[in-house]
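The values are calculated or read from the model by the stated rules, or taken from the named source; none is laboratory data. This structure is a prediction, so every number in the text was calculated from the model and none was measured. Cβ: placed from backbone, ideal geometry, glycine included. Neighbour counts: every protein chain shown. Note: accessible area is taken over every heavy atom of the protein model, side chains too, but ligands, DNA and RNA are not part of it. Shrake-Rupley method; radii C 1.70, N 1.55, O 1.52, S 1.80 Å.
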Amino acid sequence: MSRRNWNPGFWKTLFFIVLAAGLVVFWMRWTRGLGSVTHLSDAFPWGLWVGFDILCGIGLAAGGFLITAVVYIFRLERFKPIVRPALMTAFIGYMLEVLALMLDLGRPWNLWRPLFSWNPDSVMFVVAWCVTVYSVVLAAELSGMIFEKLGWKRAQVIQRRATIPLVILGVVLSIVHQSSLGGLYLTIPGKMHELWYSNFLPLLFLVSAVSVGLAMIVVESRISGRVFGHHLGGRTLTELGVAQLVMLGIYALVRFSDLAARGALPAAMDLGYESGLFWLEVGVGLILPALLLMVALKRSNLRLLYGASLLTVLGFILHRLNVSMTALESSRGEHYVPAIPEAIATLMFVGLGFAAFRLAARYLQVFPHEGDHARLGDGRAS
Amino acid sequence: MKTMGMLIDVNMCGGCHECMAACMKKQGFEGDPEQVTKLSATARTILEHAGDYNVRKFCRHCIDPACVGACPAKALVRTDYGAVKYDSDRCMGCRYCMISCPYDIPRYEWDEVAPKIQKCDMCWDRIEAGGIPACAEACPAGATLFGEREELLAEARTRIQDAPEEYLDYIYGEHDNGGYAILMIGPKEIAAVRGGIDFADSSPAAIARGVLKQLPGFAVVGAAALFGIYWFAGRRNRVMAEKARARTDDRLPKPPKGGKESNHVTA
Ligand code: SF4
Ligand code: SF4
């Protein structure tokens, strides 16, 4: 692996600049209100922070529940080396979401209310519940790492005994959480463009979260290979690629049969703003990665696998941004373009995510001992 | 208390803006009502125009309100007499009510540090004190009537029957999207701002309710299924380990409880 592109000084400086700018955004939000830093309005009450930081952030964390299910429920132990990095990513993702909520929510001190006053009609109630409870579950799943560091043997044993119940709870919560993010949009058929409104939005959100979870594991392995010298064996990566391809196929099947059943396909055919963004999403983010995956798997080309995975992630982001923004524009009669401070805060969250992962990898045993420095493509599943 | 409501008769409205003035006065909002053309955090009711007619726009106080269904914190609730009211002390500011309201009614205080939702609350404080909403009291033309919803419906029907040439034969809010407490009648022109008359019979809130009803069952079945898979996978691993051992040389001593231990995975 070449480390030529990895220049710690440059990235560190950039990180601190973005962090400082992001803190200014926080300060402005909490002294002058949301209007001073965003282009949100009564017509567009949700913008980049909901569309990207929350809808995409949570989806990108899906690798965590996936891999625990594979290793502890399906008991495919050769995937064990990825459990910790994937769980760590998920945990950091959820913590960042809570941080983003501190910026976006108008009155975040009431965030605990849904836990005690149940509104069984509210999808947002379910979302709020899942965020809170799954964050705790993730922390519990990861606590073994901390106990290990501290050398607390008894705590480690207790934590280990609780693994299976925790994993089952976490998987159920995640499935509910991922799909209910799509479910948020079920109640507004009249406001959304027909290319994106669907009764199947919860299923589409769940399936795309699974495929992007798989893609993220490939991407993370690549990045951590560059930065830390840890990466997964070629066989594991290939299996992840196959699973990703299957999920993309299921997603495409649901997406297109739903469009056809609702008679919305003609809307994809006429040239316009919405159909353009639709084809960008579907072409670059679904069809292209699926084709590349096929080639990559056929030729056992891990570089291509990595590229395809990146496109899967991109397509997933485009879908969620389209659902949360593009789909609403025509019924609002106006466009929403994020304000610069909104983009800065989002960049800060991304940067914080990388920084937190780096710190965790440095001080905790995130990556396994054995298989350290295993080369890509050596066929060993560490 | 019986379900209360209001009847807006667009044919009676002269466009004097007294309803807006009374509302702004009660809420302590500044400004000239004649200049206000959009709902905002400081305008809970406005007049829209359809030709020469003035059509009031404000919260419809739905019977099955999408905003109440949406609110995760129970900051929005529907009272037994039909007013949909808001409690900022419970609100977490997620703005899902704004997304969910099919008529884009709730507004937000974008310039406040701790913003609140703003929308008509039917002057529930006045109603509970035995009074009537400020706008209904202020209207000099009788175009906004407050009363029991059933009686207002009967009144609306009579007015349409008595002058069928002046009215669109439809009472907005009787059934559409589950019905509203705020009813409206008027000339055919109001369809331009109120939309056609082929509304759904049930509220969008019913969509979420229907899906979420299945959630507890799903969670239980899902957890049970996961446990089942866990158990089967353990068996499969044990069987595979047995087979692997059977294949190896018999001279090797069998490891005690080997199969079981090898399944034990740690986090
Ligand atoms: S009109 Fe909108 S804000 Fe008013 S009760 Fe109905 S859903 Fe809620
Ligand atoms: S913004 Fe407040 S009132 Fe509206 S849905 Fe969220 S918590 Fe409820």
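Which order do the peptides B:107-116, A:314-323 come out in when sorted by mean C-beta neighbours inside 10 angstrom, highest first? The partial results should precede the final answer.
Details: B:107-116: 18.0, A:314-323: 23.4.
Those peptides, ordered most packed to least, come out A:314-323, B:107-116.
Using 0.36 nm per residue of separation minus the Cα-Cα distance, give me the extension gain between B:Thr42 and B:Asp162 in nm, one decimal. Walk me through the numbers before you get to the answer.
Numbers: separation 120, 0.36 × 120 = 43.20 nm, distance 3.83 nm.
39.4 nm is the gain from fully extending B:Thr42 to B:Asp162.
Quick one: which of B:161-173, A:177-189 comes out on top by average Cβ neighbours within 10 Å, and what's the full order, highest first?
Working: B:161-173: 15.6, A:177-189: 23.8.
Listed from highest to lowest mean packing, they are A:177-189, B:161-173.
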**Prompt:** Given just the C-alpha atoms of the stretch A:53-170, how large is their convex hull per residue in cubic angstrom?
**Reply:** 128
**Message:** Considering all projection directions equally, how large on average is the shadow of the alpha-carbon convex hull of the stretch B:203-251, in square nanometres?
**Reply:** 4.1
**Asked** So which of B:Lys2/B:Lys25; A:Lys191/B:Lys119; B:Lys74/B:Lys116 end up more than 18 Å apart by C-alpha?
**Response** B:Lys2/B:Lys25; A:Lys191/B:Lys119
**Message:** Please give the Cα centre distance for the stretch A:107-174 versus the stretch B:30-51, rounded to the nearest Å.
**Reply:** 47
**chain A: most fluctuating residue of A:Val227, A:Val131, A:Val171 per GNM, C-alpha cutoff 10 Å** = A:Val227
**Prompt:** Anyone know which of A:Glu220, A:Glu97, A:Glu334 comes out most mobile in the 10 Å Cα GNM of chain A?
**Reply:** A:Glu334
**Prompt:** Quick one: if you stick a label point 7 Å off each Cα along the C-beta vector at A:Arg362 and A:Leu115, how many nm between them?
**Reply:** 3.2
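Rounded to two decimal places and with Rh computed the Kirkwood way over Cα pairs, what is Rg over Rh for the stretch B:16-56? Walk me through the intermediate numbers first.
Values: Rg = 9.8 Å, Rh = 10.3 Å.
Result: Rg/Rh = 0.95.
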**Asked** Rg(Cα) of the stretch A:1-77 divided by 2.2 N^0.38 Å?
**Response** 1.68
**Complete:** Of A:136-142, A:79-85, ordering from highest average Cβ density within 10 Å down gives A:79-85, A:136-142
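Translational D (Stokes-Einstein, µm²/s) of the stretch A:142-272 at 25 °C and 0.890 mPa s when Rh comes from the Kirkwood sum over C-alpha pairs? Numbers along the way, then the final one.
Working: Rh = 18.1 Å.
Reported coefficient: 136 µm²/s.
What is the diffusion coefficient of the stretch A:223-335 in µm²/s, taking the Kirkwood radius over Cα pairs and the Stokes-Einstein relation at 25 °C with a viscosity of 0.890 mPa s? Could the numbers behind the result be given before it?
Values: Rh = 15.6 Å.
D, rounded to a whole number, is 157 µm²/s.
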**Request:** Would you kindly state how much longer the chain becomes between B:Asp169 and B:Val220 on full extension, computed as 0.36 nm times their sequence separation minus their alpha carbon distance, in nm to one decimal?
**Result:** 13.4 nm
**Fill in**
For chain B, the Kirkwood Rh over every pair of distinct alpha carbons, in Å, works out to 22.2
**Message:** Using amide H atoms built in the peptide plane, which far-off residues or other-chain residues are under 5 Å from B:Cys62 H to H?
**Reply:** B:Ala181
**Complete:** Here the stretch A:127-182 gives, from Cα atoms, an Rg and Dmax in Å of 13.0, 42
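What area, in nm² and to one decimal, does the C-alpha convex hull of the stretch B:13-110 cast on average over all directions? Provide the component values of the computation, followed by the final result.
Values: hull surface 28.5 nm².
That works out to 7.1 nm².
Normalise the Cα radius of gyration of the stretch A:8-376 by 2.2 N^0.38 Å (N = residues in it) and let me know the number. Provide the component values of the computation, followed by the final result.
Values: Rg = 20.6 Å, N = 369, 2.2 N^0.38 = 20.8 Å.
So the Cα radius of gyration is 0.99 times the expected 2.2 N^0.38 Å.
Is it possible to state the helix-based mean residue ellipticity at 222 nm for the protein assembly as shown, with each DSSP H run of 4+ residues giving -39500 (n - 2.57), the sum divided by total residues, to the nearest 500 deg cm²/dmol? What is it?
Values: 26 runs with 344 residues, N = 649.
The helix contribution divided over the protein assembly as shown gives -17000 deg cm²/dmol.
Restricting everything to alpha-carbon atoms, can you work out Rg to Rh for the stretch A:272-354 with a Kirkwood hydrodynamic radius? Mind showing how you got there, number by number?
Details: Rg = 15.9 Å, Rh = 14.6 Å.
Ratio of gyration radius to Kirkwood radius for the stretch A:272-354: 1.09.
What net charge do the residues around B:Ala191 carry, taking every other residue with its C-beta under 12 Å from that of B:Ala191, with Lys and Arg at +1 and Asp and Glu at -1?
Values: positive: B:Lys188, B:Arg194; negative: B:Asp169, B:Glu189, B:Asp198.
Summing Lys and Arg as +1 and Asp and Glu as -1 gives -1.
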**Request:** Compare B:Asp80, A:Asp53 by solvent-accessible area with a 1.4 Å probe and give them largest first, with all protein chains kept in place.
**Result:** B:Asp80, A:Asp53
**Complete:** One can check that the equivalent ellipsoid of the protein assembly as shown, built from the alpha-carbon gyration tensor with semi-axes equal to the square roots of five times its eigenvalues, has lengths in Å, largest first, of 54, 25, 24
**Item:** Highest-MSF residue in chain B out of B:Cys139, B:Cys94, B:Cys13 [GNM, Cα springs under 10 Å]
**Value:** B:Cys94
**Prompt:** Normalised by the residues of chain A, what does the relative contact order come to in percent, with Cα pairs under 8 Å and at least six apart?
**Reply:** 28
**Item:** Partner chain coverage, peptide B:65-76 - average Cβ within 10 angstrom
**Value:** 6
**Fill in**
Note: B:227-236 gets an average of partner chain Cβ contacts (10 Å, Cβ to Cβ) equal to 3
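Take the alpha-carbon positions of the stretch B:100-226, form their convex hull, and give its projected area averaged over all directions (one quarter of the hull surface) in nm². Before the final figure, lay out each step's value.
Working: hull surface 53.1 nm².
Computing the convex hull of the Cα atoms and averaging its projections yields 13.3 nm².
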